[in-house]
Structures are given as C-alpha cells and as structure tokens.
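A.B. asks: I have a structure I would like to understand better, so I am pasting it below and will then ask my questions one at a time.
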Amino acid sequence: MAMARSNSVVTPDTTHVLVQHIHDDRRISPMAHLAGHVEPSFLGYSIGKWVDTDSDGRYDQLEVETRHFKGPRAFDSSGIPLHNDNQTIVKERISLDNADRDLLHNQVTVTDSALTRPWTVSKRYRREPDRQPFWREVNCAENNNHVEIGKENYMLSADGLLMPTRKDQPARV
C-alpha cells in the first residue's frame, strides 16, 4: 500500500477523509442520511455516528459502516478477490489513543461472502508532528512496491526499477 497521507474535515453533517494517494476522497455521512437508492461505487457508501464511549460529554469515537460497493474488488494488495455479489460490509471504530493524542486507532471488521467468517484488523496511525493535522499510515505489507526516499514516494516496477509516482519527480538511481 502507498504511504497514505490524509486529513479530515468534520462538519455537522458529514465527516470527510481526504486521502492523498487516491483521487476519491472518502465521505462519511450520518446514519440518518441513508435513505432510498444508493448508487454503488468502488469506495462504497459510508455512514457513521460519533459516540461518547466514556460518558464525559465529548464524542471520542467515530463508528462507520460502509456498504454498496461496486465490483470487481480485491480484499487487499495481495489481489485476493472479494465475492462478486458486492455485499461486503466494512465496520470501523476510529478513536484517538487516550494516553497518546498523536496516535489514532482504527479497528476494521470486514464481512464478505468470500470469507468464512468476519475478519478484523486493528490499524494505528501516527500524527506527523510538524504538519498538524496530518496522519501517516505506515504498513509493512508483503509485496508492497512503494518506496519512500526522504520525503519522495517512488514505485518499484515489475523489473525492479525505481519509478516516479508524479510528474517532474527527481530521478533516483
């Protein structure tokens, strides 16, 4: 997976997650917003609600459910396909760490007909201290063909060459 850099914009009606490495920004609408026909998309349709988990009067967790995916889709970067019925449900619980406010937790559960049971993973994101708000996902994924050199992202081609990921990017040998 590419190094994802994202920011969030929270409004009374919608939470927007702005992700640098993909062109479609994620929009999380309130639960009450889901009514009528929803057009499937590759990112799906996310509905969510803010929850006060410790009853202190402050919302501290965002619960999100995403459905209405458009296929074909892969489970992850391995290329394992999700079921072609496109009935995948992704549930997330997103919250800041109580002890370290620069650490964001996201518990993700995927339910799909291609899986024998729901699959859950816990992800952590660290805020970049010099660019607030700025969250960086660091994955150690197998077969990851993305490389970060300094502050530049590159991609390894199938023949093992280092390739630029944007126009006018400095060459590396």
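A.B. asks: For the range 60-108, give me the residue count where each residue is touching a strand residue (DSSP E or B) at 6+ places or on another chain (Cβ under 7 Å) and of a type in the set (S, T, N, Q).
C.D. replies: Looking only at that region, the number is 7.
A.B. asks: Give me a count of the residues in the range 116-142 that are hydrophobic (A, V, I, L, M, F, W, C) and at pLDDT 90 or above.
C.D. replies: The number of residues fulfilling the criteria is 2.
A.B. asks: Between a residue in the range 60-83 that is closer than 30 Å to residue 100 by Cβ and assigned to a loop (DSSP other than H, G, I, E, B) and any residue that is modelled with pLDDT under 85 and of a type in the set (A, V, I, L, M, F, W, C), which pairs come within a Cβ distance under 6 Å, given they are 6 or more apart or on different chains?
C.D. replies: Listed by first residue and then by second, the contacts come to 77/1; 77/141.
A.B. asks: Would you please list the contacts, defined by Cβ atoms under 9 Å and residues six or more apart or on different chains, that run from a residue in the range 113-129 that is loosely packed, with under 11 Cβ neighbours inside 10 Å to a residue that is in a loop (DSSP other than H, G, I, E, B)?
C.D. replies: Note: pairs meeting the criteria are 129/102.
The values are calculated or read from the model by the stated rules, or taken from the named source; none is laboratory data. Quick caveat, the model's predicted, so the values are computed rather than measured. Cβ atoms come from the backbone with ideal geometry, glycine included; neighbour counts cover every protein chain shown.
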